[in-house]
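The values are calculated or read from the model by the stated rules, or taken from the named source; none is laboratory data. Model, not experiment: these values are computed from the prediction. Counting neighbours? That spans all protein chains shown, and the Cβs are built from the backbone with ideal geometry, glycine included. The accessibility values were calculated without ligands, DNA or RNA, using every heavy atom of the protein model including side chains. Shrake-Rupley method; radii C 1.70, N 1.55, O 1.52, S 1.80 Å.
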Amino acid sequence: MSCPLCQTQASNEIWRNNHFYVIDAKDPLFPCFLRVVSCRHIAEMSQLTTDERNELWEILNTIEVQLIEKLHPRKINLAQFGNMVPHLHWHIIARWEDDSHFPECPWGPKQRSMPNALFNKRKTQTEETFKHLATLLTEKFA
Ligand SMILES: [Zn+2]
């Protein structure tokens, strides 16, 4: 029982229902980095029920659309690995051309430093967006 995603994530939690929860990764380099996590401890997409899988796609899509509309990033990155923590979760990262790693992936080599003021501005906008997102997810997925 040492799975970190089976533990309560209260301080980082943005939203949850009976199937999935969403957390702010609070990444030090990427101001808008969140995770969508299965409530059940399973490793693979194929272990979800069909209804759960469809709901997950709709949750990912809802988040992606909101981040594009509110934050105007250059790109949204979606990633699912589970090699380190084999509990099904998706990473969603908003990317800007001037972020620390662009155009590399967030796990690739660092390209530059993002000025603190710019990071903090985007973090503030991201936190506002997450509040709105929580309301929207509750409306759509209860
Ligand atoms: Zn787990």
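Looking at region 35-57, which of its residues are within 16 Å of the ligand (Cβ to nearest atom), polar (S, T, N, Q) and out of contact with any Lys or Arg (no Cβ under 9 Å at 6 or more places or on another chain)? Selection gives Ser38 alone. Every condition in (1) outside any loop (DSSP other than H, G, I, E, B); (2) within 16 Å of the ligand (Cβ to nearest atom) holds for Thr138 except the one numbered (2). Annotation note: Cβ proximity below 7 Å between a residue of region 2-20 that is under 19 Å from Gln47 (Cα atoms) and a residue that is more than 15 Å from the ligand (Cβ to nearest atom) and of a type outside the set (D, E, K, R) (sequence gap 6+ or interchain) occurs for Asn17/Phe141; Asn17/Ala142; Phe20/Leu56; Phe20/Ile59.
Return the residue satisfying two criteria in turn: it lies in region 1-29 and is among the hydroxyl-bearing types (Ser, Thr, Tyr) and open to solvent by 30 Å² or more (accessible area, probe 1.4 Å), and of such residues it is farthest from the ligand (Cβ to nearest atom). Spell out the reasoning first.
Going through region 1-29, the residues among the hydroxyl-bearing types (Ser, Thr, Tyr) turn out to be 2, 8, 11, 21.
Remaining after also requiring open to solvent by 30 Å² or more (accessible area, probe 1.4 Å): 2, 8, 11.
On the way: Ser2: 9, Thr8: 12, Ser11: 18 Å.
Among them, the one singled out is Ser11.
Answer yes or no: is there a residue in region 30-48 that is of a type in the set (A, V, I, L, M), closer than 20 Å to Phe130 by Cβ, open to solvent by 20 Å² or more (accessible area, probe 1.4 Å) and touching an Asp or Glu at 6+ places or on another chain (Cβ under 8 Å). No, the conditions are met nowhere in region 30-48. Checking the stated criteria, Gly108 turns out to be free of Cβ contacts under 8 Å to residues at least 12 places away in the same chain and open to solvent by less than 80 Å² (accessible area, probe 1.4 Å). Between His72, His89, the distinction of being at pLDDT 95 or above and over 19 Å from Asn17 (Cα atoms) belongs to His72 only.
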